Amino acid sequence: MLKTGIKGVQEVQVTEDNTALTLGSGTLLVFATPAMIALMEKTAWESVAPYLEEGEGTVGTQLNISHLSATPLQMKVRCESELTEVDGRRLVFKVAAYDEVGLIGEGTHERFIVKNEKFQAKADGKRVG
């Protein structure tokens, strides 16, 4: 059963694959904001996945994130999430990312519980031709 307080943790290392230069969000070899956001989303959705019914998943619908500090190559980044609100199918998470020195990003992330097949079919129905 989904209830507030569910926590998640994920960790990645900064490599050339997740830098601003590689992801196109900048020109420097530092952990990219899009990579941090993806890590935050993954941490949140994986934390609640075991509590969902068969055939359900979650989709991200809103982010309010600040990227506070740059992280260079080879450092580790750890993300923590906590489910702070459950409103029907709407889930709100507090998320924060840290490198080996301290806080690098924080904010809130909203996800909605969906029926995977129905959601995918609706998305696929948007194709033209």
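The values are calculated or read from the model by the stated rules, or taken from the named source; none is laboratory data. Every value quoted in this text rests on a predicted model; they were computed, and no experiment measured them. Positions of Cβ are backbone-derived with ideal geometry, glycine not excepted, and every protein chain shown enters the neighbour counts. Ligands, DNA and RNA are excluded from the accessible area calculation, which covers all protein heavy atoms including side chains. Shrake-Rupley method; radii C 1.70, N 1.55, O 1.52, S 1.80 Å.
Computed quantities for the displayed model
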{"read-out": "Test for G8: is it open to solvent by less than 40 Å² (accessible area, probe 1.4 Å) and within 20 Å of D87 (Cα to Cα)", "value": "yes"}
{"read-out": "Filter result for T84 (of a type in the set (S, T, Y), in contact (Cβ under 8 Å) with a residue 40 or more places away in the chain and more than 25 Å from G26 (Cβ to Cβ))", "value": "yes"}
{"read-out": "Subset of region 55-71 that is open to solvent by 60 Å² or more (accessible area, probe 1.4 Å) and in contact with a Phe, Trp or Tyr (Cβ under 8 Å, 6 or more places away or on another chain) - its residue that is farthest from E117 (Cα to Cα)", "value": "A70"}
{"read-out": "Unmet criterion (only one of (1) touching a helix residue (DSSP H, G or I) at 6+ places or on another chain (Cβ under 9 Å); (2) in a helix (DSSP H, G or I); (3) closer than 30 Å to E117 by Cα; (4) hydroxyl-bearing (S, T, Y)) for T22", "value": "(3)"}
{"read-out": "Failed item in (1) more than 25 Å from E16 (Cβ to Cβ); (2) in contact (Cβ under 8 Å) with a residue 24 or more places away in the chain; (3) not in a strand (DSSP E or B), with Q62 passing the rest", "value": "(3)"}
{"read-out": "Region 75-124, subset within 25 Å of T15 (Cα to Cα) and hydroxyl-bearing (S, T, Y), residue surrounded by the fewest Cβ atoms within 10 Å (Cβ to Cβ)", "value": "Y98"}
{"read-out": "Number of the exception - E54 against (1) out of contact with any strand residue (DSSP E or B) (no Cβ under 8 Å at 6 or more places or on another chain); (2) part of a helix (DSSP H, G or I)", "value": "(2)"}
{"read-out": "Of all residues in region 67-91 being among the charged types (D, E, K, R) and touching a strand residue (DSSP E or B) at 6+ places or on another chain (Cβ under 9 Å), the one that is nearest to G5 (Cα to Cα)", "value": "E82"}
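The rows are residues; the columns are (1) exposed (fewer than 12 other Cβ atoms within 10 Å of the Cβ); (2) over 22 Å from A96 (Cβ atoms); (3) in contact (Cβ under 8 Å) with a residue 12 or more places away in the chain; (4) among the aliphatic types (A, V, I, L, M).
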| position | (1), (2), (3), (4) |
| --- | --- |
| V12 | no, no, yes, yes |
| N18 | no, no, yes, no |
| L23 | no, no, yes, yes |
| A35 | no, no, yes, yes |
| P50 | yes, no, no, no |
| E53 | yes, yes, no, no |
